[in-house]
Amino acid sequence: MTARIIGIGAYAPETIVTNEDLSKIVETSDEWIRSRTGIRERRISTQEGTSDLAAKAARKALANAGVRPEELDIIILGTSSPDCNYPSDACTVQAAIGAVNAVAFDISAACAGFIFALNIVQGFFAAGIYKTALIIGAETLSKVTDWSDRGTCVLFGDGAGAAVLQAAETGVIDMTMGSDGTKGSALACTSRTLGNFLTGTKPELGFMTMDGREVFSFAVRKIPESVEYLLEKTGTSREEIKYYVLHQANERIVEAAARRLKEPMSKFPMTIGKYGNTSTASIPLLLDDMVRQDMLKPGDKILLSGFGAGMTWGAVLMEWTLGA
Ligand code: COA
């Protein structure tokens, strides 16, 4: 048994923040942001938490799949900006949507979170443990962004995307995942610094920090590497791949990956311009966009690939099944 996607849903907060808006709070410009990243605007949450965005995306995915919440066996939510340390956002979503029969938990794999969630579910399906799953990528990175740091605040946005998965004969063909903890400091966010009665200090909240060049070179190496690994392992030719659905971190990263893979940019759809980098939400947001534009047909082969803090990376080769 493998995992097939039977429903997709996404939600992004209504408030749009343009590059022009950001140029009023930090020393930057629309020209700099567009030319370095491809980002024009992003959505920023003013009222809703990660679990609120996640629940909205989840309801849409369930409606799209025609699956009732109580039919779900498992909910996995990838996030690096949860509302609380606990309860998990997955449990909050479970309560919000009434998925009374599901086990629910969060995973922390940063921007590779959606891919990791998909692969975990695939493992449960292959082992015959569960049959129906909901996976969600959801972020409100705006709350961990240092809005005085122009090197990071122009890059990220808030949003959520979800997929309903069913155990079936066709769907995920193969996958790969990896981590390199030695590069953890390249992209980091401490949730709280140590503080207790022994040290006499109070814990402080941390903000995101990033070595942009290090992350950039890591991404342009790891994406083609994991894509080529999967193509070779499964004996799939590049011609068979309809689209490469890459994590939306930076237009230049996607272009560099396309060059290294010797594939045309027309096979690399993008939403980075309107959402910015929404971390683990970016792949399902992009898939949702592609479904709404009728770009995918049952039987199409697509390759998903994500990378992020950890460092983490992962890729999935799958046959598209939605609409069958
Ligand atoms: N506006 C204007 N200038 C900016 C700026 C901004 N928002 N951010 C940085 N700069 C400046 C830098 O301070 C630097 O100035 P200096 O030369 O005077 O020191 C200059 O622009 C060039 O900085 P550099 O870091 O070399 O730019 P870059 O071409 O590497 O682009 C990133 C920076 C962050 C866009 C790029 O490195 C990147 O996208 N990295 C990957 C980040 C990422 O994807 N993270 C998430 C992974 S999931």
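Since every read-out is calculated from the coordinates, none of them should be taken as a lab result. This is a predicted model, so every value here is computed, not measured. FYI the Cβ positions are ideal-geometry reconstructions off the backbone, even for glycines, and counts take in every protein chain you see.
When the chain is described by a simple charge dipole with +1 on each Lys and Arg Cβ and -1 on each Asp and Glu Cβ, the residue from 209, 182, 25 located farthest towards its positive end is 182. Hey, for a label at residue 221 modelled as a point 7 Å past Cα toward Cβ, could you say which residues of segment 260-280 have their backbone N under 16 Å away? Taking a point 7 Å out along Cα→Cβ of residue 221, the residues of segment 260-280 whose backbone N falls under 16 Å are 260. For segment 1-69, trypsin sites (Lys or Arg not before Pro) are listed when DSSP marks them as loop and at most 16 other Cβ atoms sit within 10 Å of their Cβ; the list is 24. If the chain linking residue 266 and residue 214 were pulled fully straight, counting 0.36 nm for each residue of separation and taking away their Cα-Cα distance, it would gain 16.0 nm.
Charged side chains reduced to their Cβ positions (Lys and Arg at +1, Asp and Glu at -1) give the chain a dipole of some 320 debye around its Cα centre. Membrane-span-like helices of the chain, defined as complete DSSP H segments with a Cα extent of 30 Å or more along the helix axis and a mean Kyte hydropathy of at least -0.5, are identified as 212-234. Excluding same-chain neighbours fewer than eight residues apart, the lysines reachable from residue 60 by a Cα-Cα span under 28 Å are 131, 143, 242, 267, 274, 297, 301. So for the chain, taking the charge dipole from beta-carbon charges (+1 Lys/Arg, -1 Asp/Glu), which of 219, 312, 49 sits furthest toward the positive end? Ranked along the dipole, the leading option is 219. Once you reduce segment 220-245 and segment 127-160 to the center of their Cα atoms, the two points are 25 Å from each other.
The alpha carbon centroids of segment 10-63 and segment 96-122 are separated by 22 Å.
Between 53, 286, 296, the residue with the greatest mean-square fluctuation in the GNM of the chain (Cα pairs under 10 Å linked by springs) is 296. Peptides 111-119, 86-94, ordered by how many other C-beta atoms sit within 10 Å of their residues on average, highest first, read 111-119, 86-94.
For segment 249-295 versus segment 305-323, the spacing of their alpha-carbon centroids is 12 Å. With the simple spin-label model, which puts each label point 7 Å out from Cα in the Cβ direction, the residue 233 to residue 170 separation comes to 2.2 nm.
Residue 148 to residue 20: FRET efficiency via 1/(1 + (r/R0)^6), r the Cβ-Cβ distance, R0 22 Å, to the nearest 0.05?
Details: r = 18 Å, r/R0 = 0.81.
Efficiency, rounded to the nearest 0.05: 0.75.
Which of the GluC sites (Glu not before Pro) found in segment 16-61 are in a DSSP loop and have at most 10 neighbouring Cβ atoms, other than their own, within 10 Å? Before the final figure, lay out each step's value.
On the way: sites: 20, 27, 31, 41, 48; in loops: 27, 48.
Those that pass, being in a loop and sparsely packed, are 27.
For segment 155-222, applying the loop criterion from DSSP together with a ceiling of 15 other beta carbons within 10 Å to the GluC sites (Glu not before Pro) yields 169, 204. Is the C-alpha gyration tensor of segment 141-184 telling us rounded, prolate or oblate? Criteria: a/c under 1.5 is rounded; beyond that, a/b larger than b/c is prolate, otherwise oblate. It is oblate, given that a/c is not under 1.5 and a/b is not larger than b/c.
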